[in-house]
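Trainee: Sharing a structure below in structure tokens format, with a few things to ask.
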Amino acid sequence: MYAFEIERPSTIADAVNALKGEDAQALGGGQTLIPTLKQRLAAPSVLVSLTGIGEMQGVCQADDGAVCIGGATTHATVAKEAAAHYPALADLASHIGDPAVRNRGTIGGSLANNDPAACYPAAALGSGATIITNNRQIAADDYFEGMFSTALDEGEVITEVRFPVPQTANYQKFLQPASRFALVGVFVAQYADGVRVAVTGASEEGVFRWSEAEAALSANFSASALDGLSLPADGMIGDLHGSPSYRAHLVKVMTGRAVAACQG
Amino acid sequence: MTGISMVVNGRAVSGDVEGRTLLSSFLRDDLRLTGTHVGCDTSQCGACVVHVNGKAVKACTMFAVEADGAEVATIEGEANADGSLSVIQQAFQDHHGLQCGFCTPGMVMSAAALLKDNPKPTETEVRDYLEGNICRCTGYHNIVKAIMAASGQDVSAIAAE
């Protein structure tokens, strides 16, 4: 790693201030950033650790029923504390990485990084979540801008993520066992005004909504509603673990499993 | 350099570290607690698992500065005060839960974290919890068996003596 300083602010205001420094970079749980630094793929002069900020920790429920998760809340905490409010989200959090990774990695860090195979982007987009930063609120539909790219500005911090709770939801992750990321992951959520289907791991553009499946499932919420659908392989990720057409096929299979699990 | 202090295995320690100093480096190079192993340095293998404020973490994927003020537990603190092996360590020996031993510190620390939260895990729960701990010798079977035994459960029905 190149040399850098670490600051550990205890308030959002102090963190935002520290991030105004030249080449300053936010540090969540570090489960992606630290390996990146080791590879010398990033060279910040200052890392601003967000994990000591009390106002960015924890899970609560808003008056409208939405589940609110502080940006610096670990996956392990979400798995435990969101279980009563939003079981599908807690279940997703409980299968990210491995136990030690879940004790450090944070929801804000995952969403800010927007890895094309990460789990949380599928939950946020599939739930129509709101990403709340130090200066604005961003709808999930406007937030994800492609692989490792988001609507966040330089120095902007995710302070909270707000998830409307669906009638039913399920996340199906086809595990890539070496990386423990999703080879393909599909989050299906049924709301009163329709069904949302968000796919991670498959597309070169990162997480996306499969609108044809959403329309079919909104009309008929059963796995058989997907029968006539197919997803084109164009733009799907191809690597030694799976070809674009394999991933496209897997999206449909995992969507069907998620719908079946919702009804199980 | 930043001055840090923490409690490691019940003992107050302090040191001066760079921002980029990993917790694993601080434990091994500064405190000479070399029981915490660094296998892959990419947070895949779990040989470096320690407890920070009671939670299992990979010491190679956390900065020492981030552990400032924390309570840290490493494999050196696992044995009983009289030097005899802890229940988990003894179970690893009794059930042949190690061969080369390189992954063992991380395995024992992960097992200790699991049993603290879940004193009577099922075999599946043990295997799930060890997802981030890689062993290249044993095939895991006897590690799982050792942890089940350490939890006080009958392991006679588990195969591969």
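The values are calculated or read from the model by the stated rules, or taken from the named source; none is laboratory data. All of these numbers come straight from a predicted model, not from anything done at the bench. A quick note on method: Cβ atoms are made from the backbone with ideal geometry, for glycine too, and the neighbour counts reach across all protein chains shown.
Trainee: Could you say whether any residue in segment A:214-234 is closer than 14 Å to residue A:117 by Cα and under 20 Å from the mean Cα position of the chain (by Cα)?
Mentor: No, because not a single residue in segment A:214-234 is closer than 14 Å to residue A:117 by Cα and under 20 Å from the mean Cα position of the chain (by Cα).
Trainee: How about segment A:142-193: which of its residues are under 26 Å from residue A:239 (Cβ atoms), of a type in the set (Ser, Thr, Tyr) and over 14 Å from the mean Cα position of the chain (by Cα)?
Mentor: A:179
Trainee: Follow-up question, since we're still on this one. Scan the helices (runs of 4 or more DSSP H) fully inside segment A:54-146 and keep the ones with 1 or more residues being among the charged types (D, E, K, R) and within 14 Å of chain B (Cβ to nearest Cβ).
Mentor: Where helices (runs of 4 or more DSSP H) fall fully within segment A:54-146 and carry at least 1 residues being among the charged types (D, E, K, R) and within 14 Å of chain B (Cβ to nearest Cβ), they are A:75-81, A:87-93, A:99-102.
To keep it simple, each residue is scored yes or no on (1) charged (D, E, K, R); (2) buried (at least 19 other Cβ atoms within 10 Å of the Cβ); (3) under 25 Å from residue B:44 (Cα atoms); (4) not assigned by TED's automatic domain parsing to the domain that holds residue A:259.
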{"site": "A:185", "(1), (2), (3), (4)": "no, yes, yes, no"}
{"site": "A:189", "(1), (2), (3), (4)": "no, yes, no, no"}
{"site": "A:192", "(1), (2), (3), (4)": "no, no, no, no"}
{"site": "A:196", "(1), (2), (3), (4)": "yes, yes, no, no"}
{"site": "A:204", "(1), (2), (3), (4)": "yes, no, yes, no"}
{"site": "A:207", "(1), (2), (3), (4)": "no, yes, yes, no"}
{"site": "A:224", "(1), (2), (3), (4)": "no, no, no, no"}
{"site": "A:239", "(1), (2), (3), (4)": "yes, no, yes, no"}
{"site": "A:243", "(1), (2), (3), (4)": "no, no, yes, no"}
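Trainee: From the list A:30, A:21, pick out the single residue that is part of a loop (DSSP other than H, G, I, E, B) and modelled with pLDDT under 95.
Mentor: Step by step, each of A:30, A:21 is checked, and only A:21 is part of a loop (DSSP other than H, G, I, E, B) and modelled with pLDDT under 95.
Trainee: Sticking with this structure for a sec: Could you say whether any residue in segment A:213-231 is out of contact with any helix residue (DSSP H, G or I) (no Cβ under 6 Å at 6 or more places or on another chain) and at positive phi?
Mentor: No, every residue in segment A:213-231 fails to be out of contact with any helix residue (DSSP H, G or I) (no Cβ under 6 Å at 6 or more places or on another chain) and at positive phi.
Trainee: Kindly list the number of the only condition in (1) part of a strand (DSSP E or B); (2) within 14 Å of another protein chain (Cβ to nearest Cβ) that fails for residue B:121.
Mentor: Evaluating residue B:121 over (1) part of a strand (DSSP E or B); (2) within 14 Å of another protein chain (Cβ to nearest Cβ) leaves (1) as the failure.
Trainee: Counting only residues that are of a type in the set (Lys, Arg), give me the strands (runs of 3 or more DSSP E) lying completely in segment B:1-99 with at least 1 of them.
Mentor: Ranges flagged: B:11-17, B:55-58.
Trainee: To continue, here is another question. Restricting to segment A:25-48, name every residue that is without any contact (Cβ under 8 Å) to a residue 40 or more places away in the chain and of a type in the set (Val, Ile, Thr).
Mentor: A:34, A:36
Trainee: Another question, if that's okay. Let me spell it out: the conditions are (1) at pLDDT 95 or above; (2) touching a strand residue (DSSP E or B) at 6+ places or on another chain (Cβ under 6 Å), and residue A:219 meets all of them except one. Which number is the exception?
Mentor: (2)
Trainee: Restricting attention to segment B:71-82, does a residue exist that is surrounded by 21 or more Cβ atoms within 10 Å (Cβ to Cβ), in contact (Cβ under 8 Å) with a residue 24 or more places away in the chain, at the interface with chain A (Cβ under 8 Å from one of its Cβ atoms) and within 22 Å of residue A:51 (Cα to Cα)?
Mentor: Scanning segment B:71-82, I find no residue that is surrounded by 21 or more Cβ atoms within 10 Å (Cβ to Cβ), in contact (Cβ under 8 Å) with a residue 24 or more places away in the chain, at the interface with chain A (Cβ under 8 Å from one of its Cβ atoms) and within 22 Å of residue A:51 (Cα to Cα), so the answer is no.
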